[in-house]
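Accompanying notes for the structure given below.
The values are calculated or read from the model by the stated rules, or taken from the named source; none is laboratory data. Being a predicted model, the structure only gives us computed values, none of them experimental. Heads up, the Cβs are rebuilt from the backbone with ideal geometry, glycines too, and the neighbour counts pull from every protein chain shown. All accessible areas refer to the heavy atoms of the entire protein, side chains included, with ligands and DNA or RNA removed. Shrake-Rupley method; radii C 1.70, N 1.55, O 1.52, S 1.80 Å.
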Amino acid sequence: MGKFGKFLLGTAITAAAVSAAATYALAPEKANKEKAAPFKDKFYAHRGLHSKDGTAPENSLEAFRRAAEKGYGIELDVHLTTDDKVIVFHDDDLKRMCGVDRATFDLSYEEIKELSLAGTEHKIPLFTEVLEIYNGAGPMVLEIKTCPRKYELCEKVYEILKNYEGDVCIESFDPRIVGWWKKNAPEYLRGQLSQPMKKYDGQPKILAFLLSSGLTNFIARPNFIAYHIGKKPLGIKIAELMGAMKFSWTSREKGEQNKNDDGVIFEHYEP
């Protein structure tokens, strides 16, 4: 074999190896029909059916009560307090919603429950309170927030969910968290949250690339990918072709979603 032939052979072997590695990294775990059925073709109220006028703040019991009345699925976020209480709150700090410049996970529940949401009478609820209010009115998409005690948060949530009869699926931006549910609670549908590379503020570029392209799927083998509405990178498209369900976030007007979605997370309108 001549030099050119050897060059072609080496190139082909390299390309095949790269392709195999990418396929391994991107592959999801396709959910069976029974596991996927409760969550397909549904609309999920983002942080509850909260209102623009602030009368029902995001992630408040009132927002989840309104979603239950309308029969919508819900999406919500959970954090862990210093005294091991699972609370429903989105941000890593309390400044935007409560006017307190403290990290959410640095406070006890005794401190948290004294705060008000967006200047209203509404408080930050416990996860158990939300489950009681919503009471299986529809499917739930539960985002586990990354934090210093993320695995303890997963354990606490799992214990709470054992006493809940509604349909719940798990998602996170952190593939390690999604991987925890794959290993410890594979009965739950699980999803990888993702977004375009430019939206990963403060992350190293290589990590932002991997997270935005689905190349961390080997850690978690997600059943679905919840992607930011808009153009998707090739890796996400390949993972979907390999069987990942399609969720999109956050739709703010009718018809705003990714193509052929299985689930749409929406806010500030009623689908």
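Here is how the numbers come out for the structure above:
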read-out: Of residues in the range 80-100 being assigned to a loop (DSSP other than H, G, I, E, B) and open to solvent by less than 30 Å² (accessible area, probe 1.4 Å), the one farthest from residue 56 (Cα to Cα); value: 81
read-out: Test: residue in the range 106-127 that is closer than 30 Å to residue 246 by Cβ, touching a strand residue (DSSP E or B) at 6+ places or on another chain (Cβ under 8 Å) and not in a loop (DSSP other than H, G, I, E, B); value: yes
read-out: Selected residue (criterion: nearest to residue 34 (Cα to Cα)) from residues of the range 217-243 that are in contact with a Lys or Arg (Cβ under 8 Å, 6 or more places away or on another chain) and in a helix (DSSP H, G or I); value: 240
read-out: Residue count for the range 146-184, restricted to those that are part of a loop (DSSP other than H, G, I, E, B) and under 16 Å from the mean Cα position of the chain (by Cα); value: 5
read-out: Failed criterion for residue 149 (all others in (1) free of Cβ contacts under 8 Å to residues at least 60 places away in the same chain; (2) open to solvent by 10 Å² or more (accessible area, probe 1.4 Å) hold); value: (1)
read-out: Matching residues in the range 24-68 - criterion: being free of Cβ contacts under 8 Å to residues at least 60 places away in the same chain, within 23 Å of residue 120 (Cβ to Cβ) and in a helix (DSSP H, G or I); value: 63, 66
read-out: Residue list for the range 101-114, restricted to those being open to solvent by 40 Å² or more (accessible area, probe 1.4 Å) and over 21 Å from the mean Cα position of the chain (by Cα); value: 101, 102, 106, 110, 111, 113, 114
read-out: Residue that is nearest to residue 83 (Cα to Cα) [pool: residues in the range 128-140 that are touching a residue at least 24 places away in the same chain (Cβ under 8 Å) and not in a loop (DSSP other than H, G, I, E, B)]; value: 128
read-out: Any hit, the range 68-78, residues being open to solvent by 60 Å² or more (accessible area, probe 1.4 Å) and within 20 Å of residue 264 (Cα to Cα); value: yes
read-out: Matching residues in the range 229-243 - criterion: being over 17 Å from residue 210 (Cα atoms) and in contact (Cβ under 8 Å) with a residue 60 or more places away in the chain; value: 242, 243
read-out: Contacts under 8 angstrom Cβ, first residue in the range 156-185 being within 24 Å of residue 83 (Cβ to Cβ), partner polar (S, T, N, Q) and part of a helix (DSSP H, G or I), 6 or more apart; value: 158/184; 160/128
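Yes/no matrix, rows are residues, columns are (1) within 29 Å of residue 66 (Cβ to Cβ); (2) of a type outside the set (Ser, Thr, Tyr); (3) open to solvent by 70 Å² or more (accessible area, probe 1.4 Å):
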{"residue": "187", "(1), (2), (3)": "no, yes, yes"}
{"residue": "190", "(1), (2), (3)": "yes, yes, no"}
{"residue": "200", "(1), (2), (3)": "no, no, no"}
{"residue": "214", "(1), (2), (3)": "no, yes, no"}
{"residue": "224", "(1), (2), (3)": "yes, yes, no"}
{"residue": "245", "(1), (2), (3)": "yes, yes, no"}
{"residue": "252", "(1), (2), (3)": "yes, yes, yes"}
{"residue": "262", "(1), (2), (3)": "yes, yes, no"}
{"residue": "271", "(1), (2), (3)": "yes, yes, no"}
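Yes/no matrix, rows are residues, columns are (1) under 23 Å from residue 52 (Cα atoms); (2) aliphatic (A, V, I, L, M):
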residue	(1), (2)
80	no, yes
85	no, no
89	yes, no
96	yes, no
101	no, no
109	no, no
114	no, no
122	yes, no
128	no, no
